[in-house]
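**Student:** Next up is a structure, given as structure tokens.
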Amino acid sequence: MKIRISPSAARAAGFVAVVAKVFLDNAVTAPSTHNGAWLCPLIALAPLIPWALCAEALRRRGGWRCGPLYAMLIAVILLDGAENLSAIAQSAGYLALDRVPVALLALPVCLALLWCLTRSANAVGYAAMLWTRLAPVLLVLVAALQFHRFRPDWLTPILGSGWRAIASGGVRTAGRALPCLALLLVADDAEEGKGPGLTVLLVIAAALGGLLLLLHLMMTPTPLRPTQWINRLDDLLTNGRAPLYTQLPMISAWYGGLLHLLLCEGFGAAALLQRLFPNLGGRLCAALAVAGLGIVCALRGTAGVADALSPWLYIAVALATAMTALASLWKGGRKPCA
């Protein structure tokens, strides 16, 4: 079984995953920029677009000895994906199962992820295309029901903790979004698809993520002191200001986005693993990727590591990508990465 995905499906999957990731990161995981969190996705475009374009160019041209880059990306995906898996499990515990261990809540998610990864890879992108049609309906529905409860004055001060915190948050956001775009390196050239350009998609994804954060900030005042993860999720889903019937579309959007994000990163890890070891079957690579996510998630001591290292992870991956691209140019690009 060869793990393949068309460029159009890869772009669609990456688009939805980036939107989900920037919202999760700035609204719940690490809202360190306070009221300026909605600016972080826009600032993240500056470092993110060059890397994504370089990754696509590297895929088309072929590179030289891409193994180190693939290995680094797999490690980054496992570290980040484990936090996404933990977020899904904690969200399930938040709803009704707060006394069930996180590991048990993560197990059915891992089994579902494994089943999805063994299906047609393009289904990942086609599911994203479906989600792009469903998500705006949910967003408009929630915004319409909550419109008269928005408090624009809660957005002040607009810069939140200041430019330094926002700039740092932008680089952190770029580092957290990188794993979502790893599948750009493994798209199949033989199935080149048509659609919006990568730059356009990333700009729309950043704008949509910023809009979601803006709406969230107008519904929940920014706390003066840091709060726990579960409290921030509570502010998002049941903040006490919105009527209870708006929880269903919010929960649907929340879980749908997180599950797609995990699927996108799991597929990226499995596909890169097969590029690294071509003799491994696709199902074995999928099983190894899911097992890796589960093991890293079970190591609770790693919680928050990906967030703390995300700016440095971006710099490390960007340097590795640049060195791989330069090596490809130097050697003429005759040996493809895949």
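**Student:** How large, in percent, is the carbon and sulfur part of the accessible surface of the range 34-182 at a probe radius of 1.4 Å?
**Tutor:** Answer for the range 34-182: carbon and sulfur cover 72 percent of the accessible area.
**Student:** Taking the full set of protein chains and a 1.4 angstrom probe, give the accessible area of Phe267 in square angstrom, rounded to the nearest 10.
**Tutor:** Accessible area of Phe267: about 10 Å².
**Student:** Using a cut-off of 12 Å between beta-carbons, work out the net charge of the residues near Ala174 (Lys and Arg +1, Asp and Glu -1, Ala174 not included).
**Tutor:** +2
**Student:** Might you work out the accessible area of Cys54 for me, using a 1.4 Å probe with all protein chains in place, and round it to the nearest 10 Å²?
**Tutor:** Ignoring ligands and nucleic acids, Cys54 comes out at about 40 Å².
**Student:** Also, I was wondering about something else. Give me the accessible area of Tyr126, 1.4 Å probe, in Å² rounded to the nearest 10.
**Tutor:** Only protein atoms counted, so the area is about 120 Å².
**Student:** Each residue of the range 170-186 in turn: what ³J(HN,Hα) in whole Hz from Karplus with 6.51, -1.76, 1.60 and θ = phi - 60°, glycine and Pro shown as x?
**Tutor:** Values, residue by residue: x, 5, 4, 5, 4, x, 6, 7, 3, x, 5, 9, 5, 6, 5, 6, 10 Hz.
**Student:** Also, I was wondering about something else. Where does each of Lys2, Lys21 land when they are ordered by accessible area, with a 1.4 Å probe and the largest first?
**Tutor:** From most exposed to least exposed: Lys2, Lys21.
**Student:** What does the charge add up to near Ile3, with Lys and Arg as +1, Asp and Glu as -1, over the other residues with Cβ less than 10 Å from its Cβ?
**Tutor:** Neighbourhood net charge equals +3.
**Student:** Accessible area per residue of the range 141-190 at 1.4 Å probe, in Å²?
**Tutor:** 44
The values are calculated or read from the model by the stated rules, or taken from the named source; none is laboratory data. Source: prediction; values computed, not measured. Glycine also receives a Cβ, built like all others from the backbone with ideal geometry; neighbour counts cover every protein chain displayed. For accessibility, only protein heavy atoms count, side chains too; no ligands or nucleic acids. Shrake-Rupley method; radii C 1.70, N 1.55, O 1.52, S 1.80 Å.
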